[in-house]
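What follows is a single structure, written as structure tokens, with notes after it.
The values are calculated or read from the model by the stated rules, or taken from the named source; none is laboratory data. Because the structure is predicted, anything quoted here is derived from the model rather than measured. As a convention, Cβ positions derive from the backbone with ideal geometry for all residues, glycine included, and neighbour counts pool all protein chains shown. Note: areas computed on protein heavy atoms with side chains; ligands, DNA, RNA excluded. Shrake-Rupley method; radii C 1.70, N 1.55, O 1.52, S 1.80 Å.
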Amino acid sequence: MAAVDDLKFREFDDAAHLLAANPDATTISIDEPAEAHKNQHSRRQEPGREEDDELLGTDDSDKTELLAGQKKSAPFWTFEYYQTFFDVDTYQVLDRIKGSVFPVPGRNFVRLYVRSNPDLYGPFWICATLVFAIAVSGNLSNFFIHLGRPTYRYVPEFRKVSIAATTIYAYAWLVPLALWGFLMWRNSKVMNIVSYSFLEIVCVYGYSLFVYIPTAILWIIPQKVVRWVLMIFSLCLSGSVLVMTFWPAVRDDNRRIALATVGTIVLLHALLSVGCLAYFFDAPEVDFPAPIIPAHNGTTLITKVK
């Protein structure tokens, strides 16, 4: 059993005395936090240290680039460059869809959902789904309207797919491009204007169109009042996402310019909604030619079908 004196704490001599007694001994230096910070700072200031960090990449530099959203990307002619635009998981897409369907006042969609990792996966497939939803629902709506008429023969209108695709994708890309250019121009005039990247604006517009997918399916209901109520409801939801996102970007600008910008955004969004409803679902009915029924006495009777 060890003696009591052996279990007591002792004050060891300096490391120099220990090394003198035993040169092969290993010593560990535990610095105070302030001294450790100074030593780390002095190592960073060593000549050639910064160049090595830039070439090799340190953890601090990686964290800074990730937080600033300026992570170095591959050249634009490589596949890896475009792969980053689709680097998003299902939970992020669903979270952004819920944020576009249930907007919360005072919550910026870009800062809350998009700024960390803007993507094109969600906007691309939302637009593609909306195109087919509008085209298929428009054909079904036309079929149900004329169902039961003896002279009506259903013919699928495949041209509606190309028209819907041109309209939706042109809106989802050209309008954000024009808005991005306008914000960049105003940012050069007014320094404190919030700026969004082109990818972030496309992401906002793409996710804001999701609410029109179930709306387009419900537009099959052959009641104009129901269709217009659904259209107004969807317009208010998706339009509020755009207003709450882009109003902070222009509110520090001239009051008239800010109101005109937001008004133009809402107007273009309303024109898309009304145009899709009017063209694909509320098209004027076509008068079909009346059937010609030959009579027994050699004359021809024309019956009018209503």
What number of residues within region 113-139 are open to solvent by 10 Å² or more (accessible area, probe 1.4 Å), part of a helix (DSSP H, G or I) and at pLDDT below 90? 2
For region 154-229, which fully contained helices (runs of 4 or more DSSP H) count at least 3 residues that are among the aromatic types (Phe, Trp, Tyr)? 159-189, 198-208
Could you please let me know if residue 211 is closer than 18 Å to residue 171 by Cα and in contact with a Leu (Cβ under 8 Å, 6 or more places away or on another chain)? yes
Go through region 249-265 residue by residue and tally those that are surrounded by fewer than 16 Cβ atoms within 10 Å (Cβ to Cβ) and assigned to a helix (DSSP H, G or I). 7
Members of region 214-242 found to be surrounded by fewer than 20 Cβ atoms within 10 Å (Cβ to Cβ) and either touching a strand residue (DSSP E or B) at 6+ places or on another chain (Cβ under 7 Å) or closer than 20 Å to residue 92 by Cβ (or both), listed by number: none
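Taking the stated definitions as given, is residue 162 loosely packed, with under 15 Cβ neighbours inside 10 Å, of a type in the set (S, T, N, Q) and farther than 20 Å from residue 205 by Cα? Quick ask: steps written out before the conclusion?
Details: loosely packed, with under 15 Cβ neighbours inside 10 Å: yes; of a type in the set (S, T, N, Q): yes; farther than 20 Å from residue 205 by Cα: yes.
Considered against the rule, which asks whether it is loosely packed, with under 15 Cβ neighbours inside 10 Å, of a type in the set (S, T, N, Q) and farther than 20 Å from residue 205 by Cα, residue 162 comes out as yes.
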